[in-house]
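Colleague: Here it is, the structure in full.
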Amino acid sequence: MVPADLIARYRVHAASHPPSAIAIGGSAGSIETLGVLLPAIAPTALPILVVVHLRANEPTRLPELLGSKCRLPVRMPFDKQPCDGATVWLAPPDFHMLVERDRVFSVVIDEPAHFSRPAIDVLFESAADAFGPALVAIVLGGASQDGASGAARVRQRGGFVIVEDPATTEFTVMPTAAVERAQPQIVIDRQGIAALLAEITGGTSA
Amino acid sequence: MDPSEDLGPLLAYMRSRFHYDFTGYAEASLRRRIVRAAEKLGCADAGALHERLSREPALFDRVLNEVTVPVSELFRDPAFFRILRERVVPYLATFPFPRIWVAGCSTGEEVYSLSIVLREEGLSSRALIYATDINPRALQMAEAGIYDIGRMAAFSRQYQASGGRGSLSRYYHANESAAVFDRSLRERVVFADHSLATDGVFAEVQMVLCRNVLIYFGRELQDRAFGLFADALCPLGFLGLGQRETVQFSPNRTSFREFEEETRWYQRI
């Protein structure tokens with residue numbers, strides 16, 4: 001369970017900056033964690049933006065897999081598709097997924113970041129610019145430092161950052177880097193993140 | 001670099017001084033590429049890059065290369081090239097002299113892929129390809145047709161998966177570091193400088209290939225490009241886009257119909 005003071009910390013932030021979007025990033029090892037997090041998301045009007053590191057050119061059944069655990073539709077965006085709410089948007093394999101300031105997606109093939117395309121940094125940095133303090137960003141377990149500078153940008157823009165507790169995950173490099181670089185508001189295990197997601201999305205139904 | 005730094009002055013400078021207009025590009029990814037260009041030149045931010053360029057305009061070449069993303073592959077998305085071969089080429093073959101526009105050809109990988117398909121399908125002596133780009137260095141590389149030998153294994157697999165009739169190695173001479181593509185593949189290719197942002201239509205064509213180019217454009221600039229393609233294409237002419245590109249979000253969608261959903265082929269109506 002989430003200690004009450006952490007819930008309170010989120011509520012204080014949300015009182016002045018109601019969330020407009022949630023961004024989540026992790027490496028391939030975090031697919032299992034997503035299986036715990038996604039069912040906790042209430043039917044919500046928010047867009048949920050997800051980057052999972054996958055190998056390029058590998059046919060993926062991830063949309064179906066995640067969709068089966070989730071009350072929202074899971075889709076991969078096309079370039080310039082509006083970043084609509086009530087949808088889990090999954091970055092397509094071998095593309096970076098960005099959100100533009102006019103709240104449409106850019107889906108590009110710029111160079112990989114931290115050997116990853118899609119990269120969490122690329123999503124988080126663009127979403128931080130697009131949503132500012134109304135963005136909640138979540139860094140899960142992973143074996144690279146991808147996500148840390150993106151999470152730092154989210155903080156710089158006044159957003160709310162949650163990181164999976166490195167002590168509770170098998171893949172510690174990514175959350176450790178994010179904790180160091182971004183000074184997240186909350187560091188907690190995945191059950192705690194699930195409870196927070198329920199809290200965040202609970203009051204935001206369409 | 002300050003993430004909220006206004007890119008406007010730098011972009012306006014590049015437009016007036018170098019005649020390259022990036023003002024209509026999608027901002028989030030453009031910002032990343034400008035930051036990277038600045039970093040590579042040791043500049044702290046876009047303002048510093050601006051200042052550096054005004055002192056050393058010769059550096060613009062390098063900035064242009066960073067910003068225009070010359071990333072491509074031979075037979076990228078094999079399923080796309082299979083549709084080209086099996087369903088679009090038969091349409092092209094009904095014209096005595098089909099003309100094709102590869103818009104934003106970058107370093108030429110799509111041009112050679114296309115040229116190989118046309119040859120294998122018996123159209124190479126009749127078809128004419130216009131290959132255009134805004135980056136002169138990329139165009140030179142396209143015209144040279146020389147690629148890193150290390151990339152050929154992956155390209156060969158994609159060629160095979162696309163329905164290629166033989167071995168990709170028939171089309172190039174390999175040395176230790178490079179694959180030099182057969183010059184006959186570009187006998188009927190016209191390489192030319194053309195900007196989708198500022199230039200107009202130059203010919204009627206039966207097919208446009210513009211893959212993973214428009215993803216770097218903002219919506220208005222995309223609309224402009226789709227308008228050019230609509231004007232250039234003859235009725236029922238084909239437009240081939242990249243895997244995550246669609247006309248669906250452009251007002252010009254009414255000029256096209258979806259021909260094959262999975263591989264992003266459209267037809268002019």
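Colleague: For the residues A:83, B:234, what sequence is obtained by ranking on other C-beta atoms within 10 Å, fewest first? Can you show the working numbers first?
Modeller: Working: A:83 22, B:234 14.
Ordered by Cβ neighbours within 10 Å, fewest first: B:234, A:83.
Colleague: Distance from the Cα centre of the range B:207-229 to that of the range A:115-136, in angstrom?
Modeller: 25
Colleague: Suppose only helical runs count, i.e. DSSP H with n ≥ 4. What mean residue ellipticity at 222 nm does that imply for chain A under -39500 (n - 2.57) per run, divided by all residues and rounded to the nearest 500 deg cm²/dmol?
Modeller: Details: 7 runs with 70 residues, N = 206.
It comes out at -10000 deg cm²/dmol, rounded to the nearest 500.
Colleague: Further question on the same structure: Taking the alpha-carbon centroid of each part, what is the distance from the range B:1-62 to the range A:146-182 in angstrom?
Modeller: Centre-to-centre (Cα) distance: 29 Å.
Colleague: Can I ask one more? Fewest first, what order do B:105, B:210 take by the number of other Cβ atoms within 10 Å?
Modeller: On the way: B:105 32, B:210 23.
With the sparsest Cβ surroundings first, the list reads B:210, B:105.
Colleague: So if R0 is 22 Å, what FRET efficiency would residue A:11 and residue A:168 give, r being the distance between their Cβ atoms, rounded to the nearest 0.05? Could the numbers behind the result be given before it?
Modeller: Numbers: r = 24 Å, r/R0 = 1.07.
Using R0 = 22 Å, I get an efficiency of 0.40.
Colleague: What does the charge dipole of the protein assembly as shown about its Cα centre add up to, to the nearest 20 debye, if the Cβ of each Lys and Arg holds +1 and the Cβ of each Asp and Glu holds -1?
Modeller: Values: 49 positive and 56 negative charges, 138 e Å.
Dipole of the protein assembly as shown, to the nearest 20 debye: 660 debye.
Colleague: Return one number: the angle in degrees, 0 to 90 and rounded to the nearest 10, between the long axis of the Cα atoms of helix B:152-161 and the longest principal axis of the Cα atoms of chain B.
Modeller: The helix B:152-161 is inclined about 50 degrees to chain B.
Colleague: Same structure again: With the cut-off at 1.5 for a/c, could you classify chain A from its C-alpha gyration tensor as rounded, prolate or oblate?
Modeller: The shape class here is rounded.
Colleague: Quote the convex hull volume per residue of the range B:78-268, based on C-alpha atoms, as a whole number of Å³.
Modeller: Values: hull volume 20.8 nm³, N = 191.
That works out to 109 Å³ per residue.
Colleague: Taking +1 at the Cβ of each Lys and Arg and -1 at the Cβ of each Asp and Glu, which of A:66, A:134, A:113 sits farthest along the dipole of the protein assembly as shown towards its positive end, judged by Cα position relative to the Cα centre?
Modeller: A:66
Colleague: Let me ask another. If you add up the charges near residue A:188, with Lys and Arg at +1 and Asp and Glu at -1, over every other residue whose beta carbon is less than 15 angstrom from its beta carbon, what do you get?
Modeller: Values: positive: A:9, A:190; negative: A:5, A:164, A:165, A:189, A:199.
Summing Lys/Arg as +1 and Asp/Glu as -1 gives -3.
Colleague: Of the residues B:64, B:53, B:209, which exhibits the maximal mean-square fluctuation in a Gaussian network model of chain B defined by a 10 Å Cα contact cut-off?
Modeller: Among B:64, B:53, B:209, the largest mean-square fluctuation in the Gaussian network model of chain B belongs to B:53.
Colleague: Size of the dipole of the range A:54-131 about the Cα centre, Lys and Arg at +1 and Asp and Glu at -1 on the beta carbon, nothing else charged, in debye to 20? Display every interim value, and only then the final one.
Modeller: Numbers: 9 positive and 12 negative charges, 89 e Å.
Dipole about the Cα centre, nearest 20: 420 debye.
Colleague: Once the Cα gyration tensor of the protein assembly as shown is diagonalised, what are the square roots of 5 times its eigenvalues, in whole Å and ordered largest first, as equivalent ellipsoid semi-axes? Each step should come with its number before you reach the end.
Modeller: Values: eigenvalues 338, 121, 89 Å².
For the protein assembly as shown, the ellipsoid semi-axes come out as 41, 25, 21 Å.
Colleague: Order the peptides B:34-47, A:122-135 from the highest to the lowest mean number of other Cβ atoms within 10 Å of their residues. Display every interim value, and only then the final one.
Modeller: Working: B:34-47: 17.3, A:122-135: 25.2.
My ranking of the peptides, most packed first, is A:122-135, B:34-47.
Colleague: Which of these, A:110, A:189, A:84, has the largest mean-square fluctuation under a Gaussian network model of chain A (Cα springs below 10 Å)?
Modeller: A:110
Colleague: If you average the C-alpha positions of the range B:137-151 and of the range B:84-130 separately, how far apart do those two centres end up, in angstrom?
Modeller: 19
Colleague: What's the long-distance tail for the range B:55-127, i.e. % of Cα pairs beyond 17 Å?
Modeller: Values: 1398 of 2628 pairs.
Result: 53 percent of Cα pairs exceed 17 Å.
Colleague: Sticking with this structure for a sec: Evaluate Rg over Rh across the range B:8-67, taking Cα atoms for both radii and Kirkwood's formula for Rh. Kindly include the intermediate steps, with their values, before the conclusion.
Modeller: Values: Rg = 10.1 Å, Rh = 11.2 Å.
My calculation of the ratio gives 0.90.
Colleague: With runs of 4+ DSSP H residues as the only contributors, calculate the mean residue ellipticity of chain B at 222 nm using -39,500 (n - 2.57) per run, divided by the residue total and rounded to the nearest 500. Present the calculation step by step, with values, prior to reporting the outcome.
Modeller: Working: 10 runs with 98 residues, N = 269.
Helices in chain B give a 222 nm mean residue ellipticity of -10500 deg cm²/dmol.
Colleague: Using the crude model of +1 on Lys and Arg Cβ and -1 on Asp and Glu Cβ, and no other charge, please compute the dipole size for the range A:104-206 relative to its Cα centre, in debye to 20.
Modeller: 220
Colleague: Once Lys and Arg get +1 and Asp and Glu get -1 on their Cβ, which of B:207, B:23, B:44 lies farthest toward the positive end of the dipole of chain B?
Modeller: B:207
Colleague: If you keep only loop residues by DSSP, which GluC sites (Glu not before Pro) in the range B:45-126 have at most 16 other Cβ atoms within 10 Å of their Cβ? Mind dumping the intermediate values first?
Modeller: Details: sites: B:51, B:66, B:73, B:86, B:109, B:110, B:120, B:121; in loops: B:73, B:121.
Within the range B:45-126, the qualifying GluC sites (Glu not before Pro) (loop, at most 16 other Cβ atoms within 10 Å) are B:73.
Any read-out appearing in this document is the output of simple, stated calculations on the displayed coordinates, not a laboratory observation. Owing to the predicted nature of the structure, the values given are computational and were not obtained by experimental measurement. Heads up, the Cβs are rebuilt from the backbone with ideal geometry, glycines too, and the neighbour counts pull from every protein chain shown.
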